[in-house]
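Data block below; observations after.
All of the numbers you see were taken from the coordinates with simple rules; none came from a lab. Quantities reported herein were computed from a predicted structural model and do not represent experimental measurements. Neighbour counts run over all protein chains shown; Cβ positions are idealised from the backbone, glycine included.
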Amino acid sequence: MPSNGSVLDTRPGERPGVEPASELSLHHERIRARGVNPYVYWTVRAVLQPFLHLYFRLRREGREHIPANGPLLLAANHRNFLDPFVIACCIRRPIYFVAKRGLFDKRLQGWFLNALGAFPVRRGEADEESLATARALLERGEAVLIFPEGTRIRGGSLGEPRRGVGRLALETAAPVVPVAVTGTDRARSRRFIIRPARVAIRCGRPLRYPLVESPSAGLAAAVTDRIWPCVAIQWEWLGGAPPRRSPPAQPAFVARRAA
């Protein structure tokens, strides 16, 4: 969920980064006002969860770290569109999650995703509306899943996080549970066929931060820099490749000599 970027031009009375009333805004309003559609959500979950357990030989670790109630922010790495559904198998209440705006272009598909708890995000720009929706959900005690990398990482190690997760953690004081998922990147082929793969999920201990009404970009980035290594720990515990670490900075005289 990106929170960085330039503020868009706005008309009087409009919030920065929020488009006028549109289909996307309707999805946000529906989620804020009604939440998931219980008939759709629990029916789909009753069918999908046994399938995911058997087909992916799903292994879940650290579920005892997930609070049973109250606001909850799940910060996870992202490999496949299946990630929200397999992570939902770790929690016994609905989870809400962001999905790219293109998935909501088709009206019926958008309604269905919305009924399952998804709300759209404009990737690559400052999307204040998606942040406002996540904040509203957390303030009423819901569980929200976000992917700090901002997009799916197809392979290799983890990507670089964006500071939206740190901003939400500070603005809501919701506990943050770091989550790692492995194996879902092997479950989907180029022909959109879901293949059997061994999938594992690991949840870490909740992280807590004080409530800050209007955190600066630097403070949000600093909190994100504390959250993401905890996701990396769960990731490496499951056998994921260690994150790429930048080489230590060299003293100026060494750099000049090397040049």
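Packing around the peptides 156-169, 94-107, 27-40, taken as the average count of other Cβ atoms within 10 Å per residue, puts them in this order, highest first: 156-169, 94-107, 27-40. In a fully extended conformation the segment linking Ile193 and Arg32 would gain 54.6 nm over its present Cα-Cα distance, using 0.36 nm per residue.
At q = 0.11, 0.14, 0.16, 0.17 Å⁻¹, what is the log10 ratio I(q)/I(0) for region 23-258, with the Debye formula run over Cα points and no solvent? For region 23-258 at q = 0.11, 0.14, 0.16, 0.17 Å⁻¹, log10 I(q)/I(0) is -0.56, -0.90, -1.18, -1.34.
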